[in-house]
1. Any chance you could run the full-extension gain for F70 through S42? It's 0.36 nm times the residue separation minus the Cα-Cα distance, nm to one decimal.
2. Treat the chain as a sphere of radius equal to its Kirkwood radius over Cα pairs and apply Stokes-Einstein at 25 °C in a medium of 0.890 mPa s; give the translational diffusion coefficient in µm²/s, rounded to a whole number.
3. How much length is gained if the chain between L63 and D21 is pulled fully straight, taking 0.36 nm per residue apart and subtracting their Cα-Cα distance, in nm to one decimal?
4. At a 1.4 Å probe radius, which order do E54, E34, E43, E20 fall into by accessible area, largest first?
5. Run the numbers for S14 and L51: contour at 0.36 nm per residue of separation, minus the present Cα-Cα distance, in nm.
6. Which whole-number percent gives the relative contact order of the chain, counting Cα pairs below 8 Å spaced six or more residues apart?
7. For the stretch 33-74, what are Rg and Dmax over the alpha carbons, in angstrom?
8. In terms of modelled amide H atoms, which long-range or inter-chain residues lie less than 5 Å from the amide H of H47?
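The values are calculated or read from the model by the stated rules, or taken from the named source; none is laboratory data. Everything quoted here is computed from the prediction, not taken from an experiment. Accessible surface is based on the protein model in full, side chains and every heavy atom, while ligands, DNA and RNA are left aside. Shrake-Rupley method; radii C 1.70, N 1.55, O 1.52, S 1.80 Å.
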Amino acid sequence: CPAVPLQMEYISRSQKLFAEDDVVTSGLGGVFPEGLPIGRISEVKVHSSGLYQEASIKALADLGRLKHVFVVLK
C-alpha cells in the first residue's frame, strides 16, 4: 500500500514553493524546535478557489512503522 502524502494547506500564493523543496519545523509556538526535517514537497498547486496554495509532502519517516507518536491538540 503506497504511503499517503502529507498535505500542507492555506499557503500564501506569494510564497514561492517548488517540488523537491525540503520542509522543516518553524519553531513557532514553542512546541518543536526550529529546523526538524519533516519531508520534501512532491507537488504544489493552487487551490480551486484561487486564494491559496497547497503542497503534497513526502514524509522523511515511514509513518506506518512508527511505534510512538506525540499528538498536539489545540
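1. Numbers: separation 28, 0.36 × 28 = 10.08 nm, distance 2.48 nm.
Working it through step by step, the gained length comes to 7.6 nm.
2. On the way: Rh = 13.8 Å.
For these conditions, the coefficient is 178 µm²/s.
3. Details: separation 42, 0.36 × 42 = 15.12 nm, distance 1.98 nm.
Contour length minus the Cα-Cα distance gives 13.1 nm.
4. Values: E54 25, E34 150, E43 90, E20 125 Å².
So, going from the largest accessible area down, we get E34, E20, E43, E54.
5. Numbers: separation 37, 0.36 × 37 = 13.32 nm, distance 1.04 nm.
Using 0.36 nm per residue and subtracting the Cα-Cα distance, I get 12.3 nm.
6. Numbers: 115 pairs, mean separation 23.9, N = 74.
Averaging sequence separation for qualifying contacts and normalising by length gives 32 percent for the chain.
7. Cα radius of gyration and Dmax of the stretch 33-74 are 13.9, 39 Å respectively.
8. Residues meeting the amide H criterion: Y52, Q53, E54.
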